[in-house]
């Protein structure tokens, strides 16, 4: 087995760990990373943010709206092991406040690696990176409170000498009821195929079905968000052998997540404080991340996220902090620019 094969195996396993158990089933796992500091702070996944930030359309194109017109967003995260990850987006109104087009890019750079052949001899350095370019469009259905939208994505990946190219679409629908300040959304994400697979080995994209609901609490400065992720795959709980129980006789009782535990792992909960103000605070919790990355008998606060944003004239700066376990965390920085 040469170093190139080893590299691909290690990278695949790394993606599986970063995106939890279901993450190792597909390629292009970077498409499931949070697209902005605010989304990261609200638990890492959200499809009900109906605001001015054009990066929200990367999660749900149905939320493209006129408030995004001439708004640009740039975001950067220093991920694990100095992996560099970033997103950027821009939106523009093309038709009387009702037809807005959004464009975005997502990029991840895994850095450089030292190369060795199968005999342990040093060779040249190599790297890996992936990117996705998207364009989205949404419109209101007649005079109803429903909006539909779609994203078209082109995806490229380069891992050492291997490369691949793929295309995908996102299809979203949102019900926005202004009288109750209520948003209910559903999205099918990453529906597509590889045009050029790695080394002639065709892999599937990380298809996901997501539902979400959010509402501002009446007469209070709070908005809550509930996101139900990975609906396409019911059983996402798995046995963790590190949590097996062994008695004095050596008998092992295997870890067995309950039915209720499996339900909870589909949920992501978030809350915004002062959601419409110049200073905004977000808190979130991912039940799946919390369960899969927690350490027995240690309080590591796995799954907890938090962040804030502050507006200064036509700029809005954002920051979020995500806790994975006692050894791993990440910071996400973002800036929105009003070009009007």
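Bear in mind these aren't lab numbers, they're just calculated from the coordinates by the rules spelled out. Because the structure is a prediction, the values reported are computed rather than measured. Neighbour counts are summed over all protein chains in view; Cβ atoms, including those assigned to glycine, are modelled from backbone coordinates with ideal geometry.
Numbers for the structure displayed
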{"read-out": "Debye log10 I(q)/I(0) for the range 24-179, one point scatterer per Cα, at q = 0.09, 0.16 Å⁻¹", "value": "-0.35, -0.89"}
{"read-out": "Size-normalised alpha-carbon gyration radius of the range 183-283, reference 2.2 N^0.38 Å", "value": "1.61"}
{"read-out": "Per-pair calculated FRET efficiency, R0 = 22 Å: residue 340 and residue 140 via Cβ, rounded to 0.05", "value": "0.50"}
{"read-out": "Fewest-first sequence of 216, 196 by Cβ atoms within 10 Å of each Cβ", "value": "196, 216"}
{"read-out": "Neighbour-count ranking [beta-carbon atoms within 10 angstrom, fewest first] of 180, 224", "value": "180, 224"}
{"read-out": "The range 41-174 - percent relative contact order, Cα under 8 Å, separation 6 or more", "value": "21 percent"}
{"read-out": "Angle in degrees between helix 3-18 and the longest Cα principal axis of the chain, rounded to the nearest 10", "value": "50 degrees"}
{"read-out": "Inverse of mean 1/r across different Cα pairs in the range 145-219, Kirkwood, Å", "value": "14.6 Å"}
{"read-out": "Quotient of C-alpha Rg and 2.2 N^0.38 Å, computed over the range 223-340", "value": "1.40"}
{"read-out": "Radius of gyration and maximum dimension Dmax of the range 107-190, Cα, Å", "value": "21.2, 69"}
{"read-out": "Mean Cα-pair separation over length for the range 238-295, i.e. relative contact order, pairs under 8 Å, 6 or more apart, %", "value": "24 percent"}
{"read-out": "Relative contact order %, the chain, counting alpha carbon pairs below 8 Å whose residues are six or more apart", "value": "17 percent"}
{"read-out": "Cα extents of the range 3-338 along the three principal axes, largest first (Å)", "value": "64, 50, 36"}
{"read-out": "271, 236 arranged by Cβ crowding within 10 Å, fewest neighbours leading", "value": "236, 271"}
{"read-out": "Cα centroid separation, the range 89-158 to the range 161-227 (Å)", "value": "13 Å"}
{"read-out": "In nm, spacing of pseudo-spin labels at residue 81 and residue 133 (7 Å Cα→C-beta vector)", "value": "2.9 nm"}
{"read-out": "Rg over Rh [alpha-carbon atoms, Kirkwood Rh] for the range 108-251", "value": "1.15"}
